[in-house]
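Working notes, structure below.
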Amino acid sequence: MNPSEPVLLAVNGTLMRGLELNPNLLSVGATFVRETRTRPCYRIWSIGDRHPAMIRVPTGGVAVAVEVWAVPPAGLASILLAEPPGLTIGKVPLEDGTEVLGVLGEPWLCEGQREITPLGGWRAYLAERR
């Protein structure tokens, strides 16, 4: 990989277009690439109704709706540091068989939180809450 090429990052919550933390992506020069879904290997929780946390599981997972963004390498650290506690970046397999970096939750963060896996994503959860 060329160190000056943008890094593809899958986001599944408040970093998505039009949501609360999307300015964090825009401020580092990230550009929207596409909407897609993960492979069906994730569960997702609402963390205090403020943001989601997605965790990869060996069984019982679903395909989660995500947005893929092209992020300048220098901006990736800024985005991660601005994420709420308990969120991290790891490799995420997408439905088309490709793998990109993506925002994931640490298991401890989900303890006692509302699981929203059957809805398949944060936007669907927000729509249900309305």
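Identify, by number, the condition in (1) open to solvent by 50 Å² or more (accessible area, probe 1.4 Å); (2) farther than 16 Å from Glu106 by Cβ that Gly48 doesn't meet.
Only one criterion is unmet by Gly48, namely (2).
With the requirement that a residue be among the aliphatic types (A, V, I, L, M) and more than 16 Å from Leu87 (Cβ to Cβ), what does the stretch 33-48 give you?
Val33, the sole residue that qualifies.
Rundown of residues vs (1) touching a residue at least 12 places away in the same chain (Cβ under 8 Å); (2) touching a helix residue (DSSP H, G or I) at 6+ places or on another chain (Cβ under 7 Å); (3) β-branched (Val, Ile, Thr); (4) under 19 Å from Cys110 (Cα atoms), yes/no style:
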| site | (1), (2), (3), (4) |
| --- | --- |
| Val28 | yes, yes, yes, no |
| Glu35 | yes, no, no, no |
| Trp69 | yes, yes, no, no |
| Pro72 | yes, no, no, no |
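In the stretch 1-25, what count of residues is obtained for those that are outside any loop (DSSP other than H, G, I, E, B) and either buried (at least 18 other Cβ atoms within 10 Å of the Cβ) or in contact (Cβ under 8 Å) with a residue 40 or more places away in the chain (or both)?
Residues of the stretch 1-25 outside any loop (DSSP other than H, G, I, E, B): 7-11, 22-25.
Then keep just the ones that are either buried (at least 18 other Cβ atoms within 10 Å of the Cβ) or in contact (Cβ under 8 Å) with a residue 40 or more places away in the chain (or both); that gives 7-11, 22, 24-25.
Total satisfying the criteria: 8.
If I filter the stretch 53-65 for residues that are of a type in the set (D, E, K, R), assigned to a loop (DSSP other than H, G, I, E, B) and at pLDDT 95 or above, do I get at least one hit? Give the steps one after another, and end with the answer.
Residues of the stretch 53-65 of a type in the set (D, E, K, R): 56.
In the following step, the residues that additionally are assigned to a loop (DSSP other than H, G, I, E, B) were identified as none.
No: zero hits.
Within the stretch 66-90, work out how many residues are more than 23 Å from Tyr125 (Cα to Cα), at pLDDT 95 or above and aliphatic (A, V, I, L, M).
The total comes to 2.
Under 18 Å from Glu20 (Cβ atoms), in contact with a helix residue (DSSP H, G or I) (Cβ under 8 Å, 6 or more places away or on another chain), surrounded by fewer than 20 Cβ atoms within 10 Å (Cβ to Cβ) and among the aliphatic types (A, V, I, L, M): which single residue out of Ala53, Ala65, Ala124 fits that description?
On the way: Ala53 fails: surrounded by fewer than 20 Cβ atoms within 10 Å (Cβ to Cβ); Ala124 fails: in contact with a helix residue (DSSP H, G or I) (Cβ under 8 Å, 6 or more places away or on another chain).
On inspection, the qualifying residue turns out to be Ala65.
When the residues of the stretch 76-121 are narrowed to those that are among the acidic types (Asp, Glu) and over 25 Å from Val33 (Cα atoms), which ends up most open to solvent (accessible area, probe 1.4 Å)?
Ranking the qualifying residues of the stretch 76-121, first place goes to Glu111.
Can you find even one residue in the stretch 91-105 that is more than 21 Å from Arg123 (Cβ to Cβ), more than 14 Å from the chain's Cα centre (by Cα) and at pLDDT 95 or above?
For the stretch 91-105, residues more than 21 Å from Arg123 (Cβ to Cβ), more than 14 Å from the chain's Cα centre (by Cα) and at pLDDT 95 or above: present.
Determine whether Arg43 is in contact (Cβ under 8 Å) with a residue 12 or more places away in the chain, closer than 19 Å to Gly120 by Cβ, open to solvent by 60 Å² or more (accessible area, probe 1.4 Å) and in contact with a Cys (Cβ under 7 Å, 6 or more places away or on another chain).
Judged against the criteria, Arg43 is not a match.
Scan the stretch 27-40 and tell me whether some residue there is modelled with pLDDT of 95 or more, touching a strand residue (DSSP E or B) at 6+ places or on another chain (Cβ under 7 Å), surrounded by fewer than 15 Cβ atoms within 10 Å (Cβ to Cβ) and not in a strand (DSSP E or B).
For the stretch 27-40, residues modelled with pLDDT of 95 or more, touching a strand residue (DSSP E or B) at 6+ places or on another chain (Cβ under 7 Å), surrounded by fewer than 15 Cβ atoms within 10 Å (Cβ to Cβ) and not in a strand (DSSP E or B): present.
The values are calculated or read from the model by the stated rules, or taken from the named source; none is laboratory data. Only a predicted model underlies this, so the values are computations on that prediction, with no experimental measurement involved. Counting neighbours? That spans all protein chains shown, and the Cβs are built from the backbone with ideal geometry, glycine included. Calculation scope for accessible area: heavy atoms of the full protein, side chains included, ligands and nucleic acids excluded. Shrake-Rupley method; radii C 1.70, N 1.55, O 1.52, S 1.80 Å.
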